[in-house]
1. Between the stretch 1-53 and the stretch 75-141, what is the C-alpha centre distance in whole Å?
2. How would the chain be classified by its alpha-carbon gyration tensor: rounded, prolate or oblate, with rounded meaning a/c under 1.5 and the a/b versus b/c comparison settling the rest?
3. For the chain, set up a Gaussian network in which alpha carbons nearer than 10 Å are linked by springs, and say which option among 120, 17, 110 fluctuates the most.
4. Which residue, 92, 112, 104, tops the fluctuation ranking in a GNM of the chain built on C-alpha contacts under 10 Å?
5. What percent do you get for the relative contact order of the stretch 4-134 when only Cα pairs under 8 Å and 6+ apart count?
């Protein structure tokens with residue numbers, strides 16, 4: 001996987017791409033606040049960029065998974081799996097792909113450090129850790 005690299009991965013409130021292909025990211029965070037668990041978090045966005053160099057495969061499968069502090073996979077419906085076909089003319093070249101993924105109604109069952117992991121062809125290339133923290137109503141940050 002040395003030819004495939006996760007350049008960045010952020011959790012945020014929202015993201016978009018402008019007419020020139022630039023990514024606009026709003027409200028980057030590393031903590032989600034819930035009053036109790038289990039509880040569903042209404043919506044957040046994962047934004048990333050993966051670069052490819054000298055890839056020889058005809059297809060690349062990208063998967064996004066979330067794990068709780070005990071490394072149990074958190075169910076995401078539908079599962080996030082993207083298969084990208086690489087034409088013969090593009091194999092062996094360099095390129096990158098942007099990911100903007102809105103995640104909704106994800107159920108968190110425990111507080112603590114979670115990981116959002118990016119897999120390419122079944123192997124994890126990198127992860128972003130984030131905290132699911134208890135926050136009672138009216139508490140100040």
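Values quoted throughout were computed directly from the atomic coordinates according to the rules given, and no laboratory measurement underlies them. As the structure is a prediction and not an experimental result, all values here were calculated from the model.
1. The distance from the Cα centre of the stretch 1-53 to that of the stretch 75-141 comes to 7 Å.
2. Prolate is the answer for the chain, as a/c is 1.5 or above and a/b outweighs b/c.
3. Comparing 120, 17, 110 in the GNM, the peak value goes to 17.
4. Fluctuation is largest for 92.
5. 33
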